[in-house]
1. Return yes or no: is residue 4 under 21 Å from residue 94 (Cβ atoms) and not hydroxyl-bearing (Ser, Thr, Tyr)?
2. State all residues of region 18-33 that are surrounded by fewer than 16 Cβ atoms within 10 Å (Cβ to Cβ), at negative phi and either in contact with a Pro (Cβ under 8 Å, 6 or more places away or on another chain) or not in a strand (DSSP E or B) (or both); if no residue qualifies, say none.
3. Return the pairs, sorted by first residue and then second, in which the second residue is at pLDDT 90 or above and part of a strand (DSSP E or B), the first residue lies in region 55-83 and is aromatic (Phe, Trp, Tyr), the beta carbons are less than 6 Å apart, and the residues are 6+ apart or on different chains.
4. Can you find even one residue in region 39-52 that is part of a loop (DSSP other than H, G, I, E, B), open to solvent by 30 Å² or more (accessible area, probe 1.4 Å) and modelled with pLDDT of 95 or more?
5. Test residue 13 against the stated conditions and say whether it is in a loop (DSSP other than H, G, I, E, B), over 14 Å from residue 76 (Cβ atoms), among the hydroxyl-bearing types (Ser, Thr, Tyr) and in contact (Cβ under 8 Å) with a residue 12 or more places away in the chain.
6. Residues of region 67-99 being open to solvent by 40 Å² or more (accessible area, probe 1.4 Å), part of a helix (DSSP H, G or I) and not aliphatic (A, V, I, L, M), which ones?
7. For the structure I just gave you, tell me whether residue 61 is exposed (fewer than 12 other Cβ atoms within 10 Å of the Cβ) and small (Gly, Ala, Ser).
8. Taking region 38-57 as the region of interest, how many residues are within 15 Å of residue 22 (Cβ to Cβ) and charged (D, E, K, R)?
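The values are calculated or read from the model by the stated rules, or taken from the named source; none is laboratory data. All figures in this text were calculated on a predicted structure; none of them were measured in a lab. Note: ideal-geometry Cβ built from the backbone for every residue, glycine included; neighbour counts use all protein chains shown. These accessible areas exclude ligands, DNA and RNA; they are computed on the full protein's heavy atoms, side chains included. Shrake-Rupley method; radii C 1.70, N 1.55, O 1.52, S 1.80 Å.
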Amino acid sequence: MMGLGLYKVTGDSMLPSYCSGDYVLTLRFNAFTFKVGDVLVVRHTRYGNIIKRIERVEEDGSTFSIAGDNTLSSTDSDVLGLVSIKQVLGKVIWHIAAP
């Protein structure tokens, strides 16, 4: 399965890389392998759609520890728990800065 997604960034958890009001274009592709540093949009059961960076890929390759770039204003995997590959809506491939 492959698909594109467009998401608006809200909040300050990804500052300075992504600002509230920016947009990100994502690609979803089943053959992706994810690595530390990739930025993902994931669907979280409690927080909805969130944008975070992969901090650690677990041994099985299908679960990740994620966090925002702004450690002072971010919810990370200590609170979110590990993210499953099934929750990934897409990997960020393009960043559109707010005017």
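1. So residue 4 fits the description; yes.
2. The answer is 19, 20, 30, 31, 32, 33.
3. So the pair list comes out as 64/54; 64/57; 64/83.
4. Of region 39-52, the ones part of a loop (DSSP other than H, G, I, E, B) are 45-47.
Among the residues that remain, those that are also open to solvent by 30 Å² or more (accessible area, probe 1.4 Å) are: 45-47.
Still in the list and also modelled with pLDDT of 95 or more: none.
Scanning region 39-52, I find no residue that is part of a loop (DSSP other than H, G, I, E, B), open to solvent by 30 Å² or more (accessible area, probe 1.4 Å) and modelled with pLDDT of 95 or more, so the answer is no.
5. On the way: in a loop (DSSP other than H, G, I, E, B): yes; over 14 Å from residue 76 (Cβ atoms): no; among the hydroxyl-bearing types (Ser, Thr, Tyr): yes; in contact (Cβ under 8 Å) with a residue 12 or more places away in the chain: yes.
In short, no.
6. Correct list: 71, 73, 78, 86, 87.
7. Values: exposed (fewer than 12 other Cβ atoms within 10 Å of the Cβ): yes; small (Gly, Ala, Ser): yes.
So residue 61 fits the description; yes.
8. Kept after step one, since they are within 15 Å of residue 22 (Cβ to Cβ), are these residues of region 38-57: 39, 41, 49-53.
Then drop every residue that is not charged (D, E, K, R), which leaves 52-53.
Count: 2.
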